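What follows is a short report on a single structure.
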Amino acid sequence: AYERRFPTCPLIPMFVASDTVNEYKSEDEAIHVIERRCKLDIDAPRLLKKIAGVDYVYFVQKNSLNRRERTLHIEAYNETFSNRVIINEHCSYTVHPDNEDWTCFEQSASLDIKSFFGFESTVEKIAMKQYTSNIKKGKEIIEYYLKQLEEEGITFVPRWTPPVACKSESSTFHPRRPVSPAINIPESATKEGLNNKELLNTSSSPSEPTAGTPDDKLDADYIKRYLGDLTPMQESCLIRLRQWLQETHKGKIPKDEHILRFLRARDFNIDKAREILCQSLTWRKQHQVDYILDTWNPPQVLQDYYAGGWHHHDKDGRPLYVLRLGQMDTKGLVRALGEEALLRYVLSINEEGLRRCEENTKVFGRPISSWTCLVDLEGLNMRHLWRPGVKALLRIIEVVEANYPETLGRLLILRAPRVFPVLWTLVSPFIDDNTRKKFLIYAGNDYQGPGGLLDYIDKEIIPDFLGGECMCEVPEGGLVPKSLYRTAEELENEDIKLWTETIYQSASVFKGAPHEVLIQIVDASSVITWDFDVCKGDIVFNIFHSKRAPQPPKKDSLGAHSITSPGGNNVQLIDKVWQLGRDYSMVESPLICKEGESVQGSHVTRWPGFYILQWKFHSMPACATTNLPRVDDVLASLQVSSHKCKVMYYTEVIGSEDFRGSMTSLESSHSGFSQLSAATTSSSQSHSSSMISR
């Protein structure tokens, strides 16, 4: 009766359609698992759908029928907006323990809204309304199809009995033929409550050894000493994946502990674990990660200003890494080193973590496969929300999540300030759910109370800067001197790239030859953001709008429109015949920027079309009374050799569909960065803001 509501159900108007994406049947027909992708037309306000940019939402539903146990389990989760909203639903039909002619039905669901374009409360109300309606209608729908079956003369379904052929196969081993997973599930594993994913994982192919053979066992002492508690099914998955690697993978085979991390990260789904493990092994080989500890020496800037380091171990024997993020100048490190060196350093920390886990396993005599990270946020402010720095952090998280799963045992976040929720909103969607569950966050001095640090770390090794007695040798961080900043060209000349792009570009600005960047906007209310440093000379920053695209720069012999110099490119887009007010318009007041200043800002676009960001040489104004240049102006102009300026810039466009969810990150442009902030210039008329720091 339940299956009759697919592929679509007229009794559920919002259920538009469904497609089968995966189906599994055991040979003895005891187990039938079918996975569908369902298309739903949610009853939501039209405005909300327009802001979200979707007309329909998609859910994945998995139905697992076990005729032997007489159970039907239904799992569903959302695919659409899964990084913003997490919905999980579970239903089960089972036989009543006291009367086997009765059917029990249970239903549960969870809703976790992380962010939704500023409409979190509205989405919650819609979800609760939809769920309540479904519960009320669920019984009505199943009764409708039961009645339909009765009208067709179907009033009884005989119970499942094991086929005779399966019984004979269970007593005979056929090495070339796959054995039914229903037969190979050990009784002990069934009693331990295997879920449907584990049932699926018992299926075997001719190229893989069959679970349950004498060769498919690990020594019990070895498991206890190095791997930890494993069910028979988990042990079988580990061996099958390891054997597959030995047969197919050319190169270094990871240790069992590392293979196990990938299996755990995918709930022992062997196909999914194999996919991400193979991608990681290819990545390690391509970038020589196995040799990073032996062949790469961190630059002195990192050793001096990266406020992190290893510090003894926690109460569970896990290696302890201490990171004083609040004391770290993330912008200075990115500007002095680039993303490549920062990522490489983080990878070396993770490789060192793997090595320390092996050492601690030997020292403590029990398996230790992860480490604990203690993050102190004392000193965290809006400077740490500098957008390119956050973007670099997200990309680092992405690489680490993909290649070092299940290595973080616990994350202790201490002294979280008020600005922390903004950073957490930006970062959390990129962190795996299993990893997020390991986070413990303490505000102020809460870590000193019950349930605080002493529950996880021995008193003797609590660092001195947290009120402990143990001297911590982690660098204290501090501001990276601007004299150590490097140009985009210097950063591009690094060795093997772990990423293919750099954040900053360099440009030269000449007298009479500004540098211009074209940004095409399709949707109004998009957000253009910028961040640039004036490395040499004084410039004027402008933003223009045009309904028509400027002609691409001409590659003429004189280089009048496009100049390439050792110090960076110079591109001019605004044609000399264009007239301001007729062919293009100014959407921002000109901003004069002095040598050595850093400028961050954003502009909310009002119209689609073409926007031009312009950096223009700043000519010294003449004296108002005599029309002669002032002495100070002459002296200043002499310091700018050859009438040339230089800027390093970064721009990004946030689409209108992400506008509300991303404005929190843009607040870093509006707020003063501690004592570094010198002035703020804003234009409420055009919804733009720029912040200058000296």
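Numerical summary
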item	result
Tabulated pairs, the stretch 530-554, first over 30 Å from Leu484 (Cβ atoms), second basic (Lys, Arg) and open to solvent by 60 Å² or more (accessible area, probe 1.4 Å), C-beta under 8 angstrom, 6+ apart or interchain	Asn542/Lys616
Any hit, the stretch 574-589, residues being closer than 19 Å to Val647 by Cα, in a strand (DSSP E or B) and at pLDDT 90 or above	no
Out of Ser110, Ser115, sole residue that is exposed (fewer than 15 other Cβ atoms within 10 Å of the Cβ) and hydroxyl-bearing (Ser, Thr, Tyr)	Ser110
Sole exception among (1) modelled with pLDDT under 90; (2) open to solvent by less than 80 Å² (accessible area, probe 1.4 Å); (3) within 20 Å of Phe6 (Cβ to Cβ) for Thr71, by number	(1)
Unique residue being in contact with a Ser or Thr (Cβ under 7 Å, 6 or more places away or on another chain), at pLDDT below 90 and over 22 Å from Ile142 (Cβ atoms) when the list is Val54, Val16, Val85	Val54
Evaluation of Leu380 against (1) open to solvent by less than 40 Å² (accessible area, probe 1.4 Å); (2) assigned to a loop (DSSP other than H, G, I, E, B); (3) over 30 Å from Trp530 (Cβ atoms) (one fails), failing number	(3)
Flag if Arg264 is within 23 Å of Gly353 (Cβ to Cβ) and modelled with pLDDT of 85 or more	yes
Every residue from the stretch 310-351 that is small (Gly, Ala, Ser) and more than 26 Å from Gln505 (Cβ to Cβ)	Gly317, Gly326, Ser348
Selection within the stretch 58-95 - β-branched (Val, Ile, Thr) and under 23 Å from the mean Cα position of the chain (by Cα)	Val60, Thr80, Val85, Ile86, Ile87
Residues of the stretch 431-470 that turn out to be open to solvent by 80 Å² or more (accessible area, probe 1.4 Å), at pLDDT 90 or above and not basic (Lys, Arg), as a count	3
Hits in the stretch 426-455 (condition: assigned to a helix (DSSP H, G or I) and hydrophobic (A, V, I, L, M, F, W, C))	Leu426, Val427, Phe430, Leu453, Leu454
Checklist (1) under 24 Å from Ser64 (Cα atoms); (2) modelled with pLDDT under 85 applied to Gln148, failing item	(2)
Glu257 open to solvent by 30 Å² or more (accessible area, probe 1.4 Å), at negative phi and touching a residue at least 40 places away in the same chain (Cβ under 8 Å)	yes
Number of positions in the stretch 507-525 that are open to solvent by 10 Å² or more (accessible area, probe 1.4 Å) and within 32 Å of the chain's Cα centre (by Cα)	8
Filter pass, Phe116 being farther than 29 Å from Ser428 by Cβ and of a type in the set (A, V, I, L, M, F, W, C)	no
Scan of the stretch 75-85 for residues that are in contact (Cβ under 8 Å) with a residue 60 or more places away in the chain and open to solvent by less than 50 Å² (accessible area, probe 1.4 Å), ordered by number	Arg84
Filter result for Thr330 (surrounded by 20 or more Cβ atoms within 10 Å (Cβ to Cβ) and not small (Gly, Ala, Ser))	yes
Qualifying residue in the stretch 316-328 (condition: touching a helix residue (DSSP H, G or I) at 6+ places or on another chain (Cβ under 6 Å) and either more than 26 Å from Gly451 (Cα to Cα) or part of a helix (DSSP H, G or I) (or both))	no
Selection from the stretch 303-330 of residues that are among the hydrophobic types (A, V, I, L, M, F, W, C) and more than 24 Å from the chain's Cα centre (by Cα)	Trp310
Hey, Asp314 farther than 21 Å from Trp371 by Cα and of a type in the set (D, E, K, R) or not	no
Residue in the stretch 604-613 that is under 18 Å from Cys535 (Cβ atoms) and in a strand (DSSP E or B) present	yes
The stretch 294-322: number of residues that are out of contact with any strand residue (DSSP E or B) (no Cβ under 8 Å at 6 or more places or on another chain) and either charged (D, E, K, R) or under 28 Å from Gly338 (Cβ atoms) (or both)	12
The stretch 16-46, subset open to solvent by 20 Å² or more (accessible area, probe 1.4 Å) and touching a helix residue (DSSP H, G or I) at 6+ places or on another chain (Cβ under 8 Å), residue farthest from Asn66 (Cα to Cα)	Pro45
Any hit, the stretch 343-352, residues being part of a strand (DSSP E or B) and either closer than 24 Å to Trp424 by Cα or of a type in the set (S, T, N, Q) (or both)	no
Selection count, the stretch 526-548, where residues are under 22 Å from Gly581 (Cα atoms) and either outside any strand (DSSP E or B) or of a type in the set (D, E, K, R) (or both)	2
Scope the stretch 361-376; condition surrounded by 19 or more Cβ atoms within 10 Å (Cβ to Cβ) and touching a His at 6+ places or on another chain (Cβ under 9 Å); matching residues	Ile368, Ser369, Trp371, Thr372, Leu374
Qualifying residue in the stretch 366-374 (condition: in contact with a Gly (Cβ under 9 Å, 6 or more places away or on another chain), in contact (Cβ under 8 Å) with a residue 60 or more places away in the chain and of a type in the set (A, V, I, L, M))	no
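The values are calculated or read from the model by the stated rules, or taken from the named source; none is laboratory data. Remember, predicted model here, so these are calculated numbers, not experimental data. With ideal geometry, Cβ positions are generated from the backbone for all residues, glycine too; neighbour counts draw on all protein chains shown. We work out accessible area using only protein heavy atoms, side chains counted, and drop any ligands, DNA or RNA first. Shrake-Rupley method; radii C 1.70, N 1.55, O 1.52, S 1.80 Å.
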